[in-house]
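The values are calculated or read from the model by the stated rules, or taken from the named source; none is laboratory data. In this text the structure is predicted, and so the values were computed from the model without any measurement. Every residue, glycine as well, gets a Cβ built from its backbone with ideal geometry; the counts of neighbours run over all protein chains shown. The area values use the complete protein model at the heavy-atom level, side chains included, leaving out ligands, DNA and RNA. Shrake-Rupley method; radii C 1.70, N 1.55, O 1.52, S 1.80 Å.
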Amino acid sequence: MNVAEWILVVMLSCALLIFLIAGIVLAIKLIRLTEEAQKIVATGQQIATKADDIVDNVKGMTSVGGIVKTFANRVITNQERRYAEEDVARAAAEEIVTEAAEAAARENAQASRDARGKGDHAKSSKAKK
């Protein structure tokens, strides 16, 4: 082969080597770029999911049904608390009334015994005379 042909072959080989190295580098960069794109897409999907959840929450709070449900839950909770307080007060009042009735019954029983005792004492005094 001729010297000119050798120079031409060497130059073409060097150009091919440069293009081969550039292709490998570009392929590696493209792989990294696709990995970053996948991360961005995954993050975008998470954001979209959270946005959907937020929209559902806002929709539930602003719709008539959601407002009524929230209001009804609060009213029911307040009523349950009020009824529980009334039940406690009623139980305490019943306990006081029961204690007062028992005390009155004891006093009546004591008064009856005292009255019978005095009556018996008066009969025995008359009998002695």
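Some observations on this one:
- Of Gln45, Gln110, Gln79, the one that fluctuates the most in a GNM where the chain has Cα springs shorter than 10 Å: Gln110
- Where N is the number of residues in the chain, Cα Rg divided by 2.2 N^0.38 Å: 3.63
- Where the chain is the region considered: accessible area per residue in Å², 1.4 Å probe: 90
- Listed residues Lys118, Lys29 arranged by accessible area, highest first, probe 1.4 Å: Lys118, Lys29
- Folded to 0 to 90 degrees: helix 64-128 orientation relative to the chain principal axis, Cα: 20
- Shape category assigned to segment 34-99 from the gyration tensor of Cα positions, a/c cut at 1.5: oblate
- With Cα atoms, 0 to 90° folded angle of helix 3-62 axis to the chain main axis: 20
- Within the accessible area of the chain (1.4 Å probe), percent carbon and sulfur: 66
- Think of the chain as having a plus end and a minus end, set by charges on the Cβ of Lys, Arg, Asp and Glu; of Ala42, Ile54, Ala101, Ala101 sits farthest toward the positive end of this dipole.
- Residue separation of Glu95 and Glu36 scaled by 0.36 nm, minus their Cα-Cα distance, works out to 13.8 nm of gained length.
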